[in-house]
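Heads up: the structure comes next, in structure tokens.
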Amino acid sequence: MKAICVYCGSSPGMKPCYAEKAKQLGEALVEQGLSLVYGGSRIGLMGQVADAVLARGGRVIGVLPEALKTNEVAHPGLSELHIVKGMHARKAKMADLADAFIALPGGFGTLDETMEMVTWNQLGFQAKPIGFLNVEGFYDRLFHFLATTEEEGFVKPGLVEALVLEAEPKKLVERLCNDPWPELGVWPRANK
Ligand code: AMP
């Protein structure tokens, strides 16, 4: 494991705990000798996690679509910044550069990026661990809903259970590095 891709809010959220945990996650990545791959922005939780890694001497690789490369958004101090054509190219590049994925609290962008990686795992396009930083129960209701999707026969059995849900950044990073990621077989099932 060399690099973890972090998806997170381009907003800071309503409570200070979100920024605090984003910072702790950055520190945990550096402690484990891991590079950060992320969306390349300096705003919201994205900026917090990047700043925390850089402040500890870690490596941060940003991947930003051309259209977002303005002075207000691009982080000026990254170790590497890849400018790509659009959002699809960005997601593919981030996935290529990372060995695992973490979702911090965020909105539509965070959910879109993370669920695309879950889908690629489900289809067998990649087999890379995915974790959620469950700051003050932020992801509890999503996981409740995901359990419903499995119970109702719409997702590959075992995949929801394999997703790593942890409240503490250090523990989450350790689990992504050390827990085995299951082989889940083919999907969809060939039934009627
Ligand atoms: P959101 O959760 O909706 O704030 O979206 C954040 C996620 O989507 C990040 O992981 C980014 O990769 C991407 N994203 C959305 N908005 C921006 C933005 N203004 N600048 C850079 N990346 C963004």
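Among the aspartates and glutamates, which have Cα under 15 Å from the Cα of K156 when same-chain residues fewer than 8 positions away are ignored?
E116, E183
Once you've got the GNM for the chain with C-alpha springs shorter than 10 Å, pick whichever of K128, K91, K15 has the biggest mean-square fluctuation.
Judging by the Gaussian network model, the answer is K15.
Enter the angle in degrees (range 0 to 90, nearest 10) between the Cα long axis of helix 169-178 and the first principal axis of the Cα atoms of the chain, meaning the one along which they spread out most.
Tilt of helix 169-178: around 60 degrees.
Take the Cα pairs of the range 26-154, get the Kirkwood Rh, then feed it into Stokes-Einstein at 20 °C and 1.002 mPa s and tell me D in µm²/s.
137 µm²/s
List the lysines whose Cα lies under 17 Å from the Cα of K23, skipping any in the same chain that are fewer than 8 positions away.
Partners within reach: K15, K170, K171.
In whole Å, what three semi-axes, largest first, describe the equivalent ellipsoid of the range 75-144 built from its Cα gyration tensor (square root of 5 times each eigenvalue)?
Semi-axes from the Cα gyration tensor: 22, 17, 11 Å.
Taking K21 as the anchor, which aspartates and glutamates have their alpha carbon closer than 18 Å to its alpha carbon, excluding any fewer than eight residues away along the same chain?
Here the aspartates and glutamates satisfying the reach criterion relative to K21 are E31, D51, E136, D140, E166, E168, E174.
5 Å is the cut-off here: which amide hydrogens, built 1.01 Å from N in the peptide plane, fall below it relative to I130, excluding neighbours closer than 5 in sequence?
Counting only residues 5 or more places away or on other chains, the set is F101, V164.
Would you please give the FRET efficiency between E161 and E66, computed as 1/(1 + (r/R0)^6) with r the Cβ-Cβ distance and R0 = 35 Å, to the nearest 0.05?
Step by step, r from the Cβ atoms, then E = 0.35.
Roughly what angle does helix 108-122 make with the longest principal axis of the chain, taking Cα atoms, 0 to 90 degrees, to the nearest 10?
50 degrees
When the chain is modelled as a GNM with alpha-carbon springs shorter than 10 Å, which of M87, M46, M117 fluctuates the most?
Per the Cα network of the chain with a 10 Å cutoff, M87 tops the list.
Would you mind telling me the antiparallel percentage of the DSSP bridges in the chain, rounded to 5? Walk me through the numbers before you get to the answer.
Working: 1 of 22 bridges.
Around 5 percent antiparallel, to the nearest 5.
Going by amide H atoms built from the backbone, whose H comes under 5 Å of the H on H82, apart from near neighbours?
Here G62, V63, L64 satisfy the definition.
Pairs of alpha-carbon atoms within less than 8 angstrom and 6+ residues apart define the contacts here; what relative contact order does the chain have, in percent?
22 percent
Taking the Cβ-Cβ separation of K171 and F145 as r and a Förster radius of 22 Å, what is the calculated FRET efficiency to the nearest 0.05?
Plugging the Cβ-Cβ distance into 1/(1 + (r/R0)^6) gives 0.40.
Mind pulling the angle between the C-alpha long axis of helix 140-151 and the longest principal axis of the chain? Nearest 10 degrees, somewhere in 0 to 90.
30 degrees
With both partners inside the range 1-80, how many of the DSSP beta bridges are antiparallel, as a percent to the nearest 5? Walk me through the numbers before you get to the answer.
Working: 1 of 8 bridges.
Of all bridge pairs located within the range 1-80, approximately 10 percent are antiparallel.
Using the Cα gyration tensor of the range 6-87, with a ≥ b ≥ c the square roots of its eigenvalues, what is the shape: rounded (a/c below 1.5), prolate (a/b larger than b/c) or oblate (neither)? Before the final figure, lay out each step's value.
Values: a/c = 2.12, a/b = 1.26, b/c = 1.69.
Because a/c hits 1.5 or more and a/b fails to exceed b/c, the range 6-87 counts as oblate.
Could you pull out the chymotrypsin sites (Phe, Trp or Tyr not before Pro) across the range 101-161 that fall in loop regions by DSSP (anything but H, G, I, E, B) with no more than 13 other Cβ atoms inside 10 Å?
Answer in residue order: F125, F154.
Mind telling me which of P169, P16, P157 comes out most flexible in a GNM of the chain, alpha-carbon contacts under 10 Å?
P16
Working out 0.36 nm times the residue gap between Q122 and E20, then minus their Cα-Cα distance, what length gain in nm do you get to one decimal?
That pair, Q122 and E20, stretches by 33.5 nm at full extension.
All of the numbers you see were taken from the coordinates with simple rules; none came from a lab. Keep in mind that this is a model prediction, so the values were computed, not measured. Reconstructed Cβ throughout: ideal geometry from the backbone, glycine too, with neighbour counts over all protein chains shown.
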